[in-house]
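The values are calculated or read from the model by the stated rules, or taken from the named source; none is laboratory data. Quick caveat, the model's predicted, so the values are computed rather than measured. Every residue, glycine among them, receives a Cβ derived from its backbone with ideal geometry; neighbour counts consider all protein chains shown. Ligands, DNA and RNA are excluded from the accessible area calculation, which covers all protein heavy atoms including side chains. Shrake-Rupley method; radii C 1.70, N 1.55, O 1.52, S 1.80 Å.
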Amino acid sequence: MEAIKKRLYLIAIFAGFLCSAGLVYYYFMDDFSTSDTTEYVYIDDNDDIDSVCVKLSAIGHEHGIIGFRSLARHWKYTDHIRSGRYPIRPGENIITVFRNLKNGHQEPIKLTIPESRTMERLAGALSKKLMLDSLALAIVLHDNDFCAKFGYDTATIACIFVPDTYEIYWNTSVEHLMQRMQREHDHFWNEQRRAKADSIGLTPNEVCTLASIIDEETANNGEKPMIAGMYLNRLKTGMPLQADPTVKFALKDFGLRRIYHDMLRYDSPYNTYRNAGLPPGPIKIASEAGIDAVLNRVAHDYLYMCAKEDFSGTHNFAKTYREHLQNAARYTRALNQRGIK
């Protein structure tokens, strides 16, 4: 009888162990995600344990959330919630998911810097990809003291951005974002590019400013070195750039398809019909192709250009004003025939 009791006792212990092991597996060792692909949870600075669990519930099993809460209580996760973009991969258990969030093991995003025309548009685009407030970012990009920390002012701060794709953490701060952009800028402006800029008598900021105008003149990268050569000829002779895109920028009307004479009189330091030389800064974030077009401009004697009447996006170039007027007349007729105003 005593042996039977002992056996039953051992069986009960073993059954209890199995039950406990099953519960441990169910709540802590089972796969957390219900998806066959990697999903991401975005934790903000103002998230608490409840909002974190709500976000996780869109990805994981209900019992996984219970296990997560239990671990959070035990390890006091509520007091140390870390913001970030966290991957939750198929096959990861609840403990792994919790450990990654607790230790801040997030995964960077691929951030593409767009060729934005204004800092407001840039701020809006970046806020859609990062844990940044668009208004807060726009404000600092218009703050001379903030820009001065990186060697720029509000007119030239666009020069710090080199359009490319970078790996960066989703919860990066404005300060860290700008520090990263400064490093990427310095890497882009290597010794070779700086030497080419110096050879044409321009600073990197001035190259970016001219490149931004050229980018707005054409999307045809093959023609950009020709346009760069023309504008550099104008700068060399002291002739105003007379670039239509600068008028659009001054007016903040980027949808204009025709520039009329009254617009050319608009009082703005960016209006290159009224002011000689380069404007105070870029009229957009210059592209790599635009920058390299300036640095590798085609040497020629052209001083004028006008969009081709076939609307191909390329231009007719001229050495004399008389030739230019003929090109301009053909383009104007084409605009009128298409009813473009």
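Against the condition surrounded by fewer than 19 Cβ atoms within 10 Å (Cβ to Cβ) and in contact (Cβ under 8 Å) with a residue 60 or more places away in the chain, how does S134 come out, does it pass?
Details: surrounded by fewer than 19 Cβ atoms within 10 Å (Cβ to Cβ): yes; in contact (Cβ under 8 Å) with a residue 60 or more places away in the chain: no.
Here the answer is no, as S134 does not meet what is asked.
Quick one: what pairs do we get from region 269-296, first residue closer than 16 Å to G222 by Cβ, second surrounded by fewer than 18 Cβ atoms within 10 Å (Cβ to Cβ) and of a type in the set (S, T, N, Q), C-beta under 6 Å, 6+ apart or different chains?
Close Cβ pairs (under 6 Å, with a partner that is surrounded by fewer than 18 Cβ atoms within 10 Å (Cβ to Cβ) and of a type in the set (S, T, N, Q)) amount to A289/N221.
Examine region 317-327 for a residue that is touching a residue at least 24 places away in the same chain (Cβ under 8 Å), surrounded by 15 or more Cβ atoms within 10 Å (Cβ to Cβ) and more than 17 Å from L256 (Cα to Cα), and state whether such a residue exists. Outline the logic, then answer.
From region 317-327, those touching a residue at least 24 places away in the same chain (Cβ under 8 Å) are 317; that's our starting set.
After this cut, where a residue has to be surrounded by 15 or more Cβ atoms within 10 Å (Cβ to Cβ) as well, the list is 317.
From what is left, the residues that are more than 17 Å from L256 (Cα to Cα) are 317.
Among the residues of region 317-327, at least one is touching a residue at least 24 places away in the same chain (Cβ under 8 Å), surrounded by 15 or more Cβ atoms within 10 Å (Cβ to Cβ) and more than 17 Å from L256 (Cα to Cα), which makes the answer yes.
Of the numbered conditions (1) open to solvent by 20 Å² or more (accessible area, probe 1.4 Å); (2) touching a Leu at 6+ places or on another chain (Cβ under 7 Å); (3) in a helix (DSSP H, G or I); (4) of a type outside the set (V, I, T), K129 fails exactly one; give the number of that condition.
Status for K129: all satisfied but (3).
Give the residue, chosen from A299, A276, A286, that is out of contact with any helix residue (DSSP H, G or I) (no Cβ under 8 Å at 6 or more places or on another chain) and assigned to a loop (DSSP other than H, G, I, E, B). Even if it seems obvious, please write down each step before you answer.
Numbers: A299 fails: out of contact with any helix residue (DSSP H, G or I) (no Cβ under 8 Å at 6 or more places or on another chain); A286 fails: out of contact with any helix residue (DSSP H, G or I) (no Cβ under 8 Å at 6 or more places or on another chain).
The conditions single out A276.
Consider E206 against the criteria (1) surrounded by fewer than 13 Cβ atoms within 10 Å (Cβ to Cβ); (2) within 20 Å of L278 (Cβ to Cβ): it satisfies all of them except one. Which criterion is unmet?
(1)
Quickly run through region 330-341 and pick out the residues that are loosely packed, with under 12 Cβ neighbours inside 10 Å and part of a helix (DSSP H, G or I).
Going residue by residue through region 330-341, those that are loosely packed, with under 12 Cβ neighbours inside 10 Å are 333, 336-341.
Those that are loosely packed, with under 12 Cβ neighbours inside 10 Å and part of a helix (DSSP H, G or I): R333, N336, Q337.
Looking only at region 108-131, which residues are under 23 Å from S287 (Cβ atoms), aliphatic (A, V, I, L, M) and over 10 Å from the mean Cα position of the chain (by Cα)?
If we filter region 108-131 for residues that are under 23 Å from S287 (Cβ atoms), which is where we start, we get 109-130.
From what's left, aliphatic (A, V, I, L, M): 109, 111, 113, 119, 122-123, 125-126, 130.
If the condition is that a residue be under 23 Å from S287 (Cβ atoms), aliphatic (A, V, I, L, M) and over 10 Å from the mean Cα position of the chain (by Cα), then I109, M119 are the ones that fit.
If you take the residues of region 236-250 that are in contact (Cβ under 8 Å) with a residue 60 or more places away in the chain and either among the polar types (S, T, N, Q) or under 12 Å from A276 (Cβ atoms) (or both), which of them is least open to solvent (accessible area, probe 1.4 Å)?
Step one: list which residues in region 236-250 are in contact (Cβ under 8 Å) with a residue 60 or more places away in the chain, which gives 237, 239, 249.
With either among the polar types (S, T, N, Q) or under 12 Å from A276 (Cβ atoms) (or both) added as a condition, the list becomes 237, 239.
Details: T237: 96, M239: 37 Å².
Only one residue fits best here, namely M239.
Here is a yes/no grid of residues against (1) in contact (Cβ under 8 Å) with a residue 24 or more places away in the chain; (2) surrounded by 19 or more Cβ atoms within 10 Å (Cβ to Cβ); (3) over 22 Å from I160 (Cβ atoms):
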residue: E217; (1), (2), (3): yes, yes, yes
residue: N221; (1), (2), (3): yes, no, yes
residue: K224; (1), (2), (3): yes, yes, no
residue: L256; (1), (2), (3): no, no, yes
residue: Y266; (1), (2), (3): no, no, yes
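Residue-by-condition table, conditions (1) over 30 Å from M305 (Cβ atoms); (2) modelled with pLDDT of 95 or more; (3) part of a helix (DSSP H, G or I):
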| position | (1), (2), (3) |
| --- | --- |
| L122 | no, yes, yes |
| C147 | yes, yes, yes |
| Q182 | yes, yes, yes |
| D186 | yes, yes, yes |
| K196 | no, yes, yes |
| G201 | no, yes, no |
| T209 | no, yes, yes |
| S212 | no, yes, yes |
